[in-house]
Amino acid sequence: MTLSIAVAGKGGIGKTTLSALLIRALCDEEISPVLAVDADPNSNLAEALGVEASRTLAEIREHGSSPEGSPASGVGRARAVGDEIQRSITEAAGFDLVTMGRPEGPRCYCYVNSLLRRSLDELSRNYRAVVLDNEAGMEHLSRRTTNDIDVLIAVMNPTLPSIRAAKRILELSRELPIRIARRTILVNRVGEDGLPEEIEEAVAALDGERLPGVPQDDELERLGAFEQDVFCLPATSPALAAVRRAVEELSANTYSKT
Ligand SMILES: Nc1ncnc2c1ncn2[C@@H]1O[C@H](COP(=O)(O)OP(=O)(O)OP(=O)(O)O)[C@@H](O)[C@H]1O
Ligand SMILES: [Mg+2]
């Protein structure tokens, strides 16, 4: 069975960092291979994971929607998209990466989008876990990169605007025709003294299961500054320890709830 996790939240609150930490934690726990999906057009998940991304799926989409260079029949085209996705995968130790790239083009790619979605869902079955790093806001969710999410993680910082954004994401997720088994909330960059009362109350009012908070971790900032990836983090990193606890909880309890 595949554990699929989608990470969403306001811009700059740590979605990519958390996605990379989740992938590292899943690899550490041997819940692998992991499929990492970078669904942010301004993507930098590859850097956070220390790999070089190859072709993006947007390039495939362009190709698949043009009359020349793609098979005319539905079955042939579906197979072509599937093959292209296979070729676009970046392989690394413990995980593979696919990068979505820029979603919008001059024409409507709905048909090819739906092929992509199906191909990604099919591809996912070859992995023990899938982690989707989403762009800020909710566009990707409504564009539906996938039909099926086991765990949605709405990430926020200890700030009221990011908590409000998480609330909207949780609400929107209920309106979409996507199966989402668990809606969870995670506060990133928690200070040494925990959360201020007002923030704690706002988080407690959200309609989602609470995952362990991830502390402010200076090692993470240092990683970015020196262009290092999450696999360089020492095993003692407090942020990694918190994400590992979240992974343990998610892998132990998700299927018993569905
Ligand atoms: N727990 C943490 N402790 C310290 N720094 C953190 C933590 N989480 C994230 N950061 C830092 O915050 C910055 C933004 O993180 P990141 O790029 O992951 O956010 P994002 O939500 O993916 O942003 P975007 O919306 O632009 O995609 C990075 O410099 C990262 O190192
Ligand atoms: Mg990001």
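Here are some notes:
- The set of residues from segment 222-258 being of a type in the set (A, V, I, L, M) and within 17 Å of the chain's Cα centre (by Cα) comprises VAL230, LEU240, VAL243, ALA246, VAL247, LEU250.
- Per-region count, segment 26-52, residues open to solvent by less than 60 Å² (accessible area, probe 1.4 Å) and within 15 Å of ligand 1 (Cβ to nearest atom): 12
- Of the listed requirements (1) at pLDDT 95 or above; (2) among the β-branched types (Val, Ile, Thr); (3) open to solvent by 40 Å² or more (accessible area, probe 1.4 Å), VAL187 misses just one: (3).
- Close pairs from segment 10-33: first outside any helix (DSSP H, G or I), partner near ligand 1 (Cβ under 8 Å from one of its atoms) and among the basic types (Lys, Arg), Cβ under 9 Å, at least 6 apart: ILE13/ARG189; GLY14/ARG189
- Breaking point among (1) in a helix (DSSP H, G or I); (2) under 18 Å from GLY12 (Cα atoms); (3) of a type outside the set (Ser, Thr, Tyr); (4) touching a residue at least 24 places away in the same chain (Cβ under 8 Å), for ALA202: (2)
- Filtering segment 223-233 to residues that are open to solvent by 50 Å² or more (accessible area, probe 1.4 Å) and out of contact with any Lys or Arg (no Cβ under 7 Å at 6 or more places or on another chain) leaves GLY224, ALA225, PHE226, GLU227, GLN228, CYS232.
- Candidates LEU176, LEU170, filtered to the one that is in contact with a strand residue (DSSP E or B) (Cβ under 9 Å, 6 or more places away or on another chain), open to solvent by less than 70 Å² (accessible area, probe 1.4 Å) and over 30 Å from GLY50 (Cβ atoms): LEU170
- Residue within segment 167-182 that is under 19 Å from the mean Cα position of the chain (by Cα), touching a residue at least 40 places away in the same chain (Cβ under 8 Å) and closer than 13 Å to LEU18 by Cβ present: no
- Test: residue in segment 244-251 that is within 16 Å of GLY9 (Cβ to Cβ), of a type in the set (S, T, N, Q), in contact (Cβ under 8 Å) with a residue 40 or more places away in the chain and surrounded by 13 or more Cβ atoms within 10 Å (Cβ to Cβ): no
- Filtering segment 192-222 to residues that are farther than 23 Å from ILE169 by Cβ and surrounded by fewer than 19 Cβ atoms within 10 Å (Cβ to Cβ) leaves GLU192, ASP193, GLY194, GLU197, ASP218, GLU219, GLU221, ARG222.
The values are calculated or read from the model by the stated rules, or taken from the named source; none is laboratory data. Bear in mind that the values here come from a model prediction, so they are computed numbers and not experimental data. Here the Cβ is made from the backbone with ideal geometry for all residues, glycine too, and neighbour counts use every protein chain on show. Ligands, DNA and RNA are stripped out before the accessible areas are found, and what is left, the full protein with its side chains, is counted by its heavy atoms. Shrake-Rupley method; radii C 1.70, N 1.55, O 1.52, S 1.80 Å.
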